[in-house]
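Structure record follows, encoded as structure tokens.
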Amino acid sequence: MHECKSLCKRAAARLPVVIPIWFLAIVFPFFGPINSTVGSLLVSFTVYIIPALAHIFTFRSASARENAVNQPSKYVGRWVGTCIINIFIVVWVLIVGFGFGGWASMINFVHQIDTFGLFTKCYQCPPQLPPSSSPPNFFNATAPLPPPTANLTHPHRP
């Protein structure tokens, strides 16, 4: 499929993946918050942290660095610079991606559940007002007036 020139054939090949995800997003209303939680917690590890740590551990010995097929460029500082960049990536993604991103997505997920309930009939619909027996009458002339408030700063003197 990768060499296929037809856009329709490539789109049709993606349908078995897209349709179940689309159906899941419609059926399960918290798909967005769950997707952001998975993205911040799991994708941070699999895309950034694990490869950077694997590179550090693979080339930690001098013999592994000497036998490497490609040597790092002098513009990044050779092996020391590459190791520093990888450590920076691991620490940055742990703090920002996993820490702040995980915290924000979990707060969003809990807020969605608190606001709309776990299994609601209508997700993110405005709340229904309870039916009242009669509409409020703001112009009721027979209702007694509330007592006047006392003005303690300027008392009335007759």
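What to note about this one:
- Of the residues examined, ARG14 is not one that is part of a loop (DSSP other than H, G, I, E, B), open to solvent by 100 Å² or more (accessible area, probe 1.4 Å) and farther than 30 Å from HIS111 by Cβ.
- Qualifying residue in the stretch 61-80 (condition: of a type in the set (Phe, Trp, Tyr) and closer than 21 Å to MET106 by Cα): no
- Any chance VAL93 is surrounded by 14 or more Cβ atoms within 10 Å (Cβ to Cβ) and hydrophobic (A, V, I, L, M, F, W, C): yes
- Inter-residue pairs, beta-carbon under 9 Å, first exposed (fewer than 10 other Cβ atoms within 10 Å of the Cβ) and in the stretch 66-81, second at pLDDT 90 or above, 6+ apart: LYS74/GLY81; TYR75/GLY81
The values are calculated or read from the model by the stated rules, or taken from the named source; none is laboratory data. Quantities reported herein were computed from a predicted structural model and do not represent experimental measurements. A quick note on method: Cβ atoms are made from the backbone with ideal geometry, for glycine too, and the neighbour counts reach across all protein chains shown. With ligands, DNA and RNA removed, areas are computed over all heavy atoms of the protein, side chains included. Shrake-Rupley method; radii C 1.70, N 1.55, O 1.52, S 1.80 Å.
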